[in-house]
Amino acid sequence: MKKSTTKIMSSLLVGFCLLSHSAKSQDFGEVFKAGPEDAELYLESYIKPIMLSFNNGLGSGWVNTAKPHKLLGFDLTASMNLANIPSSDKLWQFRNADFQNLRLQSGSEASLPAAVGGPTTTNLVVRGNAQIGPINFANESDPFPAAEGFDTNDLPIAGFPVPAFQLGVGLVKNTDLKIRIVPTQNIDDLSISLFGIGVMHDIKQWIPGLKLVPFDLSGFIGYTGLKAEFDIDVDETDSNGYRYEADGTAEFKASSTTIQVLASKKLAILTPYVGLGYNIGSSSFKVNGDFTYTDDMGQTVTIQNPIDLSFDGGSSPRLTFGARIKLLVLTLHADYSIQKYNTFTVGAGISIR
């Protein structure tokens, strides 16, 4: 069971990493021809909504009740979190003036899809007399398509699903310790690891008179960190003799810290709950290695470690509404969080007090 769970999570995270790198790897191979500065700017605009969606999803699914376990009580819970990307973030505005070498084949400005923005018919070129390092590429490159995104326009929710598998254990003083962990998994040329830790504590016990209030009230803080690496290997030459070679590694890191005050009330088998707090999310995407450009005269330049992106816009207040159903030891829960990217969570587990 544990092996199957790990494989499911790893497969989803592999999908995210591949999506973050490109919708079509050959498209980004072409974009890199414009030089590292242009490639970095293009890639940042393309993957930013996915990064923010992932950050918001990564910090969700921690709790489904404000009542801690009794001493050594425990739960095993699996949940799926999907942070919705609004329509306004599915496209980004490409302007020739923002780039050194990359150009639209026609026109000076156009809306291009982000990673979930659907298809496009727009073509790009690397301009003639492009300067990359010490080399001046005299000829304009062959036209190539702008990177497409996944078509989510007909879906009610657009984002990347983030799974969460965790163990919760009851400690002293009405405190729960929660652990998320995926040891390093190596799948082909990709490696992934994840670790998370959270603490929930009953705060009613410390407030005089509040013990008589007929609902549970707890504070929670949790941290989740993820790291993934995968290889890049590209060797392309266009009709003008413009050659681009890439031999490197892409590294993705994401972290999310969630702070909440939670209230819940058990009503027979149903437990409604509400949470108010703040989610702090950040992520980075780096491309390390050697990237070599060769012009039609055989001149070459090698650029090392061309991409280093950070995404810190995923932090925001969050308000969560949800409910849990418990049938003997089986639990089912669902909730909705209003935050930077509104997040829907569903899950199931076993819970023994």
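Going residue by residue through the stretch 55-65, is there one that turns out to be closer than 30 Å to Ser256 by Cβ, surrounded by fewer than 21 Cβ atoms within 10 Å (Cβ to Cβ), at pLDDT 85 or above and of a type outside the set (Val, Ile, Thr)? Break it down into steps so the answer makes sense when it comes.
Within the stretch 55-65, the subset closer than 30 Å to Ser256 by Cβ is 55-65.
Applying the additional criterion that residues be surrounded by fewer than 21 Cβ atoms within 10 Å (Cβ to Cβ) yields none.
No, the conditions are met nowhere in the stretch 55-65.
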Per the filter on the stretch 279-299, residues surrounded by fewer than 18 Cβ atoms within 10 Å (Cβ to Cβ) and modelled with pLDDT under 80 are Asp296, Met297, Gly298, Gln299
Can you pull out the residues in the stretch 310-344 that are without any contact (Cβ under 8 Å) to a residue 40 or more places away in the chain, more than 13 Å from Ala83 (Cβ to Cβ) and in a strand (DSSP E or B)? Ser310, Leu330, Leu332, Ala334
Among the residues of the stretch 136-147, count how many are crowded, with 16+ Cβ neighbours inside 10 Å and either polar (S, T, N, Q) or over 29 Å from Ser87 (Cα atoms) (or both). 4
By residue number, the members of the stretch 228-270 that are touching a Leu at 6+ places or on another chain (Cβ under 9 Å), surrounded by fewer than 16 Cβ atoms within 10 Å (Cβ to Cβ) and assigned to a strand (DSSP E or B) are Asp231, Lys253, Val261
Counting only residues that are within 29 Å of the chain's Cα centre (by Cα), give me the strands (runs of 3 or more DSSP E) lying completely in the stretch 84-152 with at least 2 of them. 91-95, 102-104, 109-113, 123-126
Residue in the stretch 82-123 that is modelled with the lowest pLDDT, counting only those that are among the acidic types (Asp, Glu) and either over 17 Å from Ala39 (Cβ atoms) or touching a Phe, Trp or Tyr at 6+ places or on another chain (Cβ under 8 Å) (or both): Asp89
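Every residue, every condition in (1) buried (at least 19 other Cβ atoms within 10 Å of the Cβ); (2) of a type in the set (A, V, I, L, M, F, W, C); (3) under 28 Å from Gly349 (Cβ atoms); (4) touching a residue at least 40 places away in the same chain (Cβ under 8 Å), yes or no:
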{"residue": "Gly117", "(1), (2), (3), (4)": "yes, no, no, no"}
{"residue": "Thr121", "(1), (2), (3), (4)": "no, no, no, no"}
{"residue": "Leu124", "(1), (2), (3), (4)": "yes, yes, no, yes"}
{"residue": "Gly133", "(1), (2), (3), (4)": "no, no, no, yes"}
{"residue": "Gly149", "(1), (2), (3), (4)": "yes, no, no, yes"}
{"residue": "Pro161", "(1), (2), (3), (4)": "no, no, yes, yes"}
{"residue": "Leu177", "(1), (2), (3), (4)": "no, yes, yes, no"}
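What is the residue count in the stretch 292-309 for residues that are in a strand (DSSP E or B) and farther than 21 Å from Asn279 by Cβ? Even if it seems obvious, please write down each step before you answer.
Let us first name the residues in the stretch 292-309 that are in a strand (DSSP E or B), namely 292-294, 300-304, 307-309.
Now narrow it down to the ones that are farther than 21 Å from Asn279 by Cβ: 292-294, 300-304, 307-308.
So the answer is 10.
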Restricting to the stretch 335-352, name every residue that is closer than 17 Å to Lys48 by Cα and in contact with a His (Cβ under 9 Å, 6 or more places away or on another chain). none
Just one of (1) under 29 Å from Asp231 (Cα atoms); (2) among the charged types (D, E, K, R); (3) more than 18 Å from the chain's Cα centre (by Cα) trips up Asp312, so point out which. (3)
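Counting just the residues of the stretch 195-227 that are of a type in the set (A, V, I, L, M) and in contact (Cβ under 8 Å) with a residue 12 or more places away in the chain, which one comes out surrounded by the most Cβ atoms within 10 Å (Cβ to Cβ)? Before the answer, list the steps.
The initial filter retains those residues of the stretch 195-227 that are of a type in the set (A, V, I, L, M), namely 197, 199-200, 203, 207, 210, 212-213, 217, 221, 226.
Subset that is in contact (Cβ under 8 Å) with a residue 12 or more places away in the chain: 197, 199-200, 203, 217, 221, 226.
On the way: Ile197: 15, Val199: 16, Met200: 26, Ile203: 16, Leu217: 17, Ile221: 15, Leu226: 23.
For the stretch 195-227, the residue satisfying everything is Met200.
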Report whether or not Ala348 is within 24 Å of the chain's Cα centre (by Cα), surrounded by fewer than 20 Cβ atoms within 10 Å (Cβ to Cβ) and in contact (Cβ under 8 Å) with a residue 60 or more places away in the chain. yes
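The values are calculated or read from the model by the stated rules, or taken from the named source; none is laboratory data. These numbers were taken from a predicted model, which means no experiment stands behind them. Positions of Cβ are backbone-derived with ideal geometry, glycine not excepted, and every protein chain shown enters the neighbour counts.
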